[in-house]
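Readers should treat all values here as calculations from the given coordinates under stated rules, not as data from a laboratory. Model, not experiment: these values are computed from the prediction. Note that we place each Cβ from the backbone using ideal geometry, even for glycine, and neighbour counts take in every protein chain shown.
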Amino acid sequence: MKYSKPERTLLILSSAFMLALSFPLAASAMHIMEGYLPFLHCIAWSAVCLPFLAAGIISIRRTLKRNKRLIILFAMSGAFIFAISSLKIPSVAGSSSHMTGTGLSAILFGPAVTCVLGIIVLLFQAVLLAHGGLTTLGANTFSMAVAGPVLTWILYRSGKKLNMNGKVNIFAAAAFGDLLTYCVTSMQLAVAYPSASGGITASAVKFLAVFAPTQIPLSAICGFLTVLIVMGMESFAEPELRDIAFMEAK
């Protein structure tokens, strides 16, 4: 397949961005690490993700069958997720927080496709970067590539119906979707390790307090970066964005 000059530029820039930012710090990260969840919890979270994964694979196949050039947008969205979710910012108690980058894919393609891209990214991070784990892949996929993208998609669609400013709508949807990821991760850990005194609720509050100092500003940054990436796509990949009805839908 031959690419035009703008398409080649977009691919080169996205690849460079990914390579430049994909070297994480050594820390316990917001991805749930290997061995942190009981076996039955791992199975349950994986099962919850299966319908989204199946729907995403079907959607991607149909989209590429209609227009193979749209693989550029899929690649860009996946590279964006990989790049910024590999950046870990130290938080309190020896933990760390990170952005997710899933808002871009959720806005362009919906949560199902984002689940596929997210699980691919998480698998590579677990195997190559020791960021997250294989047994906890389902739990991490649900928090980062299902729950967050679903909220992003709902907020973005709602914002369009309310005729919100396009850039403000993208920023808010991506930021709050990113924020929900760390809330869900905290709840997953709280269910697995309820507090002896206050149960799941008290444990969830403790986990939320660990991530909140860094995750809240990181979510805002993630929203801002998503807006910038969309603006770049509008310059380099306008035909593809029109093909998925994004340009008209803003």
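For the reader, a short list of remarks on this structure follows.
- Globularity index of the range 37-245 is 1.01 (Cα radius of gyration / 2.2 N^0.38 Å, N = number of residues).
- In the range 101-216, one over the average inverse separation of all distinct C-alpha pairs is 14.9 Å, which is the Kirkwood hydrodynamic radius.
- Computed about its Cα centre, the charge dipole of the range 37-245 is approximately 460 debye, with only Lys, Arg, Asp and Glu carrying charge at their Cβ.
- Calculated FRET value between Ser235 and Arg62, using beta carbons and R₀ = 25 Å, to 0.05: 0.40
- Which of Ser219, Ser235 has the fewest Cβ neighbours within 10 Å, and the rest in rising order: Ser235, Ser219
- Between Phe124 and Ile43, the modelled label-to-label distance comes to 3.1 nm, taking each label 7 Å out from Cα in the direction of the beta carbon.
- Distance from the alpha carbon centroid of the range 32-48 to that of the range 161-231 works out to 20 angstrom.
- Per-residue Cβ neighbour counts within 10 Å put Met76, Met99 in the sequence Met76, Met99, beginning with the fewest.
- FRET efficiency estimate (nearest 0.05) - Cβ-Cβ, Val191 to Arg69, R0 35 angstrom: 0.20
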